[in-house]
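The structure appears right after this line, and notes come after that.
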There are 2 protein chains.
Amino acid sequence: MSAIRYELIKKCKQTGARLGRVYTPHGYFDTPAFMPVGTQATVKGMSPDELKSIEAGIILSNTYHLHIRPGEDIIKEAGGLHKFMNWDRPILTDSGGFQVFSLGDFRKIEEEGVTFKSHVDGSKKFLSPESAIKIQNKLGADIIMAFDECIPYPAEFHYVKKSVERTTRWAKRCIKAHENPETQALFGIVQGGMYKELRRQSAYELLELDFPGYAIGGLSVGEPAEEMYEMLECTVPLLPEDKPRYLMGVGSPDYLVEGAIRGIDMFDCVLPTRIGRNGTVLTSRGRMIIRDALYARDQSPIDPDCDCYACKNFTRSYIRHLIKAKEVLGIRLTTWHNLRFLLNLMKNVREAIKEDRLLDFRNEFFKNFGYN
Amino acid sequence: MSAIRYELIKKCKQTGARLGRVYTPHGYFDTPAFMPVGTQATVKGMSPDELKSIEAGIILSNTYHLHIRPGEDIIKEAGGLHKFMNWDRPILTDSGGFQVFSLGDFRKIEEEGVTFKSHVDGSKKFLSPESAIKIQNKLGADIIMAFDECIPYPAEFHYVKKSVERTTRWAKRCIKAHENPETQALFGIVQGGMYKELRRQSAYELLELDFPGYAIGGLSVGEPAEEMYEMLECTVPLLPEDKPRYLMGVGSPDYLVEGAIRGIDMFDCVLPTRIGRNGTVLTSRGRMIIRDALYARDQSPIDPDCDCYACKNFTRSYIRHLIKAKEVLGIRLTTWHNLRFLLNLMKNVREAIKEDRLLDFRNEFFKNFGYN
């Protein structure tokens, strides 16, 4: 018995998109869904209540960061990540792989696992399929991820092929190490770089392992958008209809819509929180650099069409002042708005699927946002 | 007709404390009151709604900082400080004098005013009684402060005497410059260093000018507590009973209670927000350094007796993690709690005055908090 269940509610007649619902031990969330990222057991700047107020259905947290600080044992003692951070809705944790591989020269990959240095104190650490799962078992998220290698872009065919095969071997070790399959759903991650043949190989190998859900990793790593869409178009159709599909690390508005159109159910990205902290906000008319002097005396809200706390209560002029003055409330308001913007976008995508007009929605949204 | 009205509700039979209410163009606040400090038009980390939820009746904002950034004209265009920051309860602005005098070598005091360098871009600035009032008129706070010299501690008698006399001359210029006496109440500031004779002289001179309220400045600047209490005991009895008395820059729990006992109605201090950001919290059992490893696995709230959002929802273990990881939510929670703690302390002080037991309350509170 899997920890989660995917319900396919409806397919869009205009696109390959699907409306669904994922049931977890901490309630359900509707798909296609965007997952705000709470790297260190907190979505930067937001309280759990605020996340609920903007209708976040599931959040993601990072195994690597939590392992380094405060450590999974402290979180386990608190009763798991949900209790630790006081979030009673679903949580997904990544495997730590992506962060470890991002360290570049500071890590060494071997069959057994990866040796790396802590970003906090420089101490030597080791992560393997077994330890990544063990940590995630202690954290207790509803959905956990297999330990994989996220391949850089570009990469040689032969390197990618070897890596894909190792990711499969690691996936098997993850399944074996997983202690709580009835309360935590372990997702496999399809890799394969920008090679369709290897994407297919990876998918086939992982399908045999019958994971309760599948992620597509190693995309949005610097390749042109068209190349990413091609990879999705060759991979998604191979994945089972009765399981959720998660495109990792993707969160710009265009990628979210294009991903949904290609049958993706789940997304995550630090984009809305990160650009918010730097003073950039997403609006129905495109990105806006709120730090700009242009807005110093602008008495309108960030986005007149938005219903978030920032837009209902504060002007561009005030928020610009807060960001310029490096005030916490400034970061809070831009983050709040950006997350609401993306969560609302996904809500609109779901509505459009329901009404078989996702392509029309896409064209209208892109036109207003300023995409071609 | 003054912009504010002070209602003396009751005097404590155990002490010199008074229960009162100050009516302003933006509603009333109960006294003795603690005013959270919103230096740059935001109480660091808090939203206006959160400030209301912890029953902040009035907040303070800093003229110097707002003059430098974003500039009083931008705030005036927004409809004044209340509209700019979306706070519809009373606001008090200081005169900018304290900040300017804190600059030390970077400023030059003359009869006309003070020349200083901006802390943001180093540009040369000038503040005088007239310009300090003009800026405050544009900001539009309910209570504004005269431009005075805050004397360092220790200081020579003759220097202080000259300074006190200049502060009186400046006070007259402030009254003359004030354009909105019917919507903004201008408070005079009694100075005099640690010399009773000069405190009396300052008070007498300012009383002749008939301000709608009086502040006591230049205390809590490094002198022993006893010396501060002596100054209060010689100054407060000279001030009119029908006007509020404001002890500037004071906000540690003991000073708040001792100040109230000596007849002070209003206080402000950055202490709760500043120490909160550094990971220190105030509790009914004393100060707690939440960063300490001692709390790494502590599943209890900061203060089990507290009703704030932080204490109702999160553990010491989690808050310690957030502070260690430099997360915004950590700063938010410690700030939230510390402000609630002081606002609640003042509420308890008001209750104790009502029931003529402020001395008993003081002794009990100090015993638990760990003061002698």
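Values in this text are rule-based calculations from the coordinates and carry no lab data. Quick caveat, the model's predicted, so the values are computed rather than measured. Virtual Cβ from ideal backbone geometry, glycine too; neighbours counted across all protein chains shown.
Any idea what the relative contact order of chain B is, in percent, if you count C-alpha pairs under 8 Å spaced at least 6 apart?
That works out to 18 percent.
For the pair residue B:254 and residue B:356, a Förster radius of 25 Å applied to the C-beta separation gives a FRET efficiency near 0.75, rounded to the nearest 0.05. Extension gain for residue B:55 to residue B:10 (0.36 nm times residue separation, less C-alpha to C-alpha distance): 14.1 nm.
Label point of residue A:367 (7 Å along Cα→beta-carbon): distances to the other copies' equivalent points are 7.6 nm, sorted ascending.
Under 12 Å from the Cα of residue B:161, which aspartates and glutamates turn up, not counting those fewer than eight places away in the same chain? Answer for residue B:161, where 12 Å is the Cα cut-off: B:149, B:197, listed by chain and number. The aspartates and glutamates within cross-link reach of residue B:11, meaning a Cα-to-Cα straight distance under 13 Å and a gap of 8 or more places when in the same chain, are B:241, B:242, B:265, B:351, B:355, B:356. If R0 is 56 Å, what FRET efficiency do you get for residue B:23 and residue B:289 from their C-beta distance, rounded to 0.05? Result of the calculation: an efficiency of 0.90. Simple point charges give the picture: +1 on the Cβ of Lys and Arg, -1 on the Cβ of Asp and Glu, and for segment A:271-371 a dipole about the Cα centre of about 440 debye. Pairs exceeding 32 Å between alpha-carbon atoms, taken from B:76/B:354; B:125/B:243; B:176/B:243: B:76/B:354; B:125/B:243. Among the DSSP helices (H) of chain A, those spanning at least 20 angstrom by Cα along their long axis with an average Kyte-Doolittle hydropathy of -0.5 or more are A:328-354; this is a geometric and hydropathy rule only. Taken along the Cα-to-beta-carbon direction at a fixed 7 Å, the label points for residue B:209 and residue B:233 span 2.9 nm.
Take every DSSP beta bridge whose two residues both sit in the protein assembly as shown; close to 50 percent of them are antiparallel. Label-to-label distance for residue B:124 and residue B:368 is 5.6 nm, based on points extended 7 Å past Cα in the beta-carbon direction. Cysteine residues of the protein assembly as shown whose C-beta has no other cysteine C-beta under 4.7 angstrom: A:12, A:150, A:174, A:234, A:269, A:308, B:12, B:150, B:174, B:234, B:269, B:308. If you count the DSSP beta bridges with both ends in chain B, what percent of them are antiparallel, to the nearest 5? For chain B, the DSSP antiparallel bridge percentage is about 50.
In this structure, the amide hydrogen of residue B:186, modeled 1.01 Å from its nitrogen in the peptide plane, lies closer than 5 angstrom to those of B:144, counting only residues at least 5 positions away or on a different chain. By Cβ position, the chain B residue that hugs the axis carrying B onto A most closely, with its distance in whole Å, is B:328, 3. Cα centroid distance between segment B:69-91 and segment B:347-372, in Å? The distance from the Cα centre of segment B:69-91 to that of segment B:347-372 comes to 37 Å.
What separates the residue A:23 label point from its copies, with the point 7 Å along Cα to Cβ, is 6.2 nm, written shortest first.
Working from label points 7 Å from Cα in the Cα-to-Cβ sense, the residue B:162 to residue B:106 distance is 2.5 nm. A cut-off of 5 Å between modelled amide H atoms, ignoring neighbours fewer than 5 places along the same chain, links residue A:31 with A:20, A:21, A:22.
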